[in-house]
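Bear in mind that the values in this text are calculations on the coordinates, not laboratory data. Worth saying up front: this structure is predicted, and the values here are computed from it rather than measured. Quick reminder, even Gly has a Cβ in these numbers, built from the backbone with ideal geometry, and neighbours come from all protein chains shown.
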Protein chains: 2
Amino acid sequence: MQVAVIGCGMTNFGEHYGNSLRGLVEDAYLNAIKSVDKGFDPRDIQAVWYGTLGSSWAGFPISDYTGLSGLPVSRLENACATGSDAFRNACFAVAAGVYDVALVIGAEKMNDEPCQSLWDYQAMEIWNIGRSMPAVFALRATRHMHEFSTTREHLARISVKNHHHGALNPRAHFRFDTTVEKVLKSRMISYPLSLLDCCPMTDGAAAAIVCRSDIAKRYTDSPVHMIGTGLSADTTYGTITDEQLVGFPTTVKASREAYRMAKLEPKDIDVVELHDCFTITELVSYEDLGFCRKGEGGKFVAEGRASLDGEKPVNPSGGLLAKGHPTGATGVAQIVEIFEQLRGQSGKRQVSDASVGLTHNLGVAPEGTVALVSILRRG
Amino acid sequence: MQVAVIGCGMTNFGEHYGNSLRGLVEDAYLNAIKSVDKGFDPRDIQAVWYGTLGSSWAGFPISDYTGLSGLPVSRLENACATGSDAFRNACFAVAAGVYDVALVIGAEKMNDEPCQSLWDYQAMEIWNIGRSMPAVFALRATRHMHEFSTTREHLARISVKNHHHGALNPRAHFRFDTTVEKVLKSRMISYPLSLLDCCPMTDGAAAAIVCRSDIAKRYTDSPVHMIGTGLSADTTYGTITDEQLVGFPTTVKASREAYRMAKLEPKDIDVVELHDCFTITELVSYEDLGFCRKGEGGKFVAEGRASLDGEKPVNPSGGLLAKGHPTGATGVAQIVEIFEQLRGQSGKRQVSDASVGLTHNLGVAPEGTVALVSILRRG
């Protein structure tokens, strides 16, 4: 695909009771415009892809929030992978030659209506046999511990690492360091996941501007090229398999598709933003993305290989655990982080000399899972 | 774009209390497979785009319903234009060269949960100052009557025409002829729209299989090529303009974009499926799509120009008024009708010698509108 990212922006992630969904979208959009090195005229935008899980519906809110009334706006929703799918479909339209420049926006107010009711409803009504989000992932954790001698300490190390990264990220929801002991002693939510094994309910928005690769230099001397994408959805409805209990086969499929398109292998990836809604999710994703063998995720983090100065830095932004997880915004914010990392703009959390980055987003519900992987390269 | 439609299928439209969303999707999907002339192996499908407004969420239900577990599934939602946007994004991915063959599915159970609550909630809670769907369109009708001497009889003629077409369509929700007198005397819903000016609440699903144009002949000697697409979203939030009251500027923008891409003009279109959620919507769409001048929509239908044997046959399927309007399915079902019309497979409602068809879908809410136009040509 001949598609480049030329600008990215986001809001701080956190609890935004003092701002509306409209205000969050505006802030992310304006930050993306300001990030374009050589200046950017919003009139260059020809189409918009909007990702939100449940904060609004249809395309027209974006016409209002951005002032881009009359342009095409498509709304994507794909569980927690929503923002990534908005980015993916925008890239397809540009790669098809239909548009030269497109805008991607992801946004969510998790702590306000109508999104809040969505989660309350799911927790209370649909998942009425205890299958809340933490429980859905806790099942995977206990199984992984049983099969591979993974420990709560392994999980806690992921929390410690990502909180440390978050403490270095001015836009993170949580900006504090923690310790393995504190994670283990934090309030138990669903065994073996305690409070600090879980991501917060976060509000925020993120935006990315993409264009045809051959015109990217009009806008910046440092474009980031989109070189691979993969998506996979499966069903776990009533028939969850052993393989689906100790990992996410959709992550395996989506990443293999993205690696193939990018003509790269896991070893070629320099920096990773992956979906760590719970610590166990990051641990199995090391394995599913091909960074280590199945069952070795605990060892991978314990040896520091996923740390900022490790061989495969994972979630330098703080990830969902510390940066936060405003569902529709999350996938686009992963693109923002990789864009800045590949351009050397990440300040205290900068990964040294990264030229290829990978984003991995995941949606999980009792009825199935969906995973989306994107691979980007410094231009 | 080098994209072809090689197969299409749908369920009967109607009240499907005897079938589940899963069953409707299965039926539409299997009918689409069966429609591929030279046979079709479902393993050729590489990715899926799913449109539903509110009957389910995310991509994974489709993994379950179709048995295509593991494939990419994106879910689009764009108000009543949802199904059309799923089709559009699938075409972009194929045109980008990422997939050879993709499946599009649109589905809705309007008369059951969770979609039913969505409409009830909107009617009762959000639109609490009387802005129900009929009222939103009735405002446009009275304004059009005021500006252009359009009459209730003009509107009634659209209902008579589309019900006549629906009576010829075995898959239509309503299969009865009506008269201008009966329309005028039917129960008043929101002046000037009476019961027979309004589309029903319908359940149904529709599916289309698209592929790279250059491999279409492997599957059929009669492919239908996707040659133009246009989408436009705008805001009417608190600031509805005069132009937005007597028509839909988004329809104008979307159709002009599609005509430009197809290198065609309104006069080149042989058959049309357009969004007639209410009779007034069809009337203004004649004007907005460029089939007649602004204000002349009433005359256009009164002269029989939109009839099955007229110069510009509109809604040979019966349209939303008679075939029905299961929101997420509607846009895909419009593709089904045009696909069959261009291949001469429409039986008693066949438009003679049609080689170019247009679909127009529209989403309208108090906060804005969205319009999507696709143009297809016989291969």
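Per-peptide packing, taken as the mean over residues of other Cβ atoms within 10 Å, places B:272-279, B:78-85 in the sequence B:78-85, B:272-279 from highest down. Is the shape of the range B:248-363 best called rounded, prolate or oblate, per the rule: a/c under 1.5 gives rounded, else a/b larger than b/c gives prolate, else oblate, with a ≥ b ≥ c the square roots of the Cα gyration tensor eigenvalues? The shape class here is rounded. Using Cα positions and a limit of under 12 Å, work out the aspartates and glutamates in reach of A:LYS323, with same-chain residues fewer than 8 apart set aside. Partners within reach: A:GLU15, A:ASP203, A:GLU273, A:ASP276, A:GLU337.
Subtracting the Cα-Cα distance of B:LEU195 and B:ASP112 from 0.36 nm times their residue separation leaves 27.7 nm of extension gain. The C-alpha atoms of chain A define a longest principal axis, and helix A:133-148 lies at about 60 degrees to it. Look at the stretch A:157-169: the mean tally of other chain Cβ atoms within 10 Å of its residues' Cβ atoms is 0.
Our note on the geometry: Cα centres of the range A:238-312 and the range A:142-199, 17 Å apart. Here's the list of lysines a cross-link from B:LYS294 could span, going by alpha-carbon distance under 18 Å and ignoring same-chain residues fewer than 8 apart: B:LYS253, B:LYS267, B:LYS312.
The same position A:LEU30 in the other copies lies at 5.6 nm from this copy, comparing label points 7 Å beyond Cα toward the beta-carbon, shortest first. The angle between the Cα long axis of helix B:152-167 and the main principal axis of chain B comes to about 30°, on a 0 to 90 degree scale.
Each of B:LYS182, A:LYS263 was scored by other Cβ atoms within 10 Å of its Cβ. Listed from fewest to most, they are A:LYS263, B:LYS182. Whole-Hz Karplus values for the range B:113-118 come out as 6, x, 5, 4, 4, 4 Hz, taken residue by residue from phi with 6.51 cos²θ - 1.76 cosθ + 1.60 and θ = phi - 60°; glycine and proline positions read x.
Across identical copies of the chain, A:THR239 has label-point separations of 5.3 nm, listed in ascending order, with the point defined 7 angstrom from Cα along Cα→Cβ. The C-alpha atoms of chain A define a longest principal axis, and helix A:327-342 lies at about 80 degrees to it. Per-residue shielding of B:354-365, expressed as the average number of other chain Cβ atoms within 10 Å of the residue Cβ, stands at 1. Using a 7 Å projection from Cα along Cα-to-Cβ, the label point at B:ALA135 is separated from the same position in the remaining copies by 4.2 nm, smallest value first. Cβ crowding within 10 Å ranks A:TYR50, B:TYR286, B:TYR237 as B:TYR237, B:TYR286, A:TYR50, fewest other Cβ atoms first. Note on A:LYS38: lysines with a C-alpha under 23 Å away, same-chain residues under 8 apart excluded, are A:LYS217. Which residues does a label at B:ILE215 reach in the range A:1-34, if reach means a backbone N under 16 Å from a point 7 Å past the Cα toward the Cβ? Within reach of a label on B:ILE215: no residues. Other protein chain C-beta atoms within 10 Å of residue C-beta, averaged over A:43-49: 1. Exposure proxy for A:LYS161, A:LYS267, A:LYS299: other Cβ atoms within 10 Å of each Cβ, ordered fewest to most, give A:LYS267, A:LYS299, A:LYS161.
Potential lengthening of the chain between A:LYS299 and A:ILE240 amounts to 18.6 nm, from the contour at 0.36 nm per residue minus the alpha-carbon distance.
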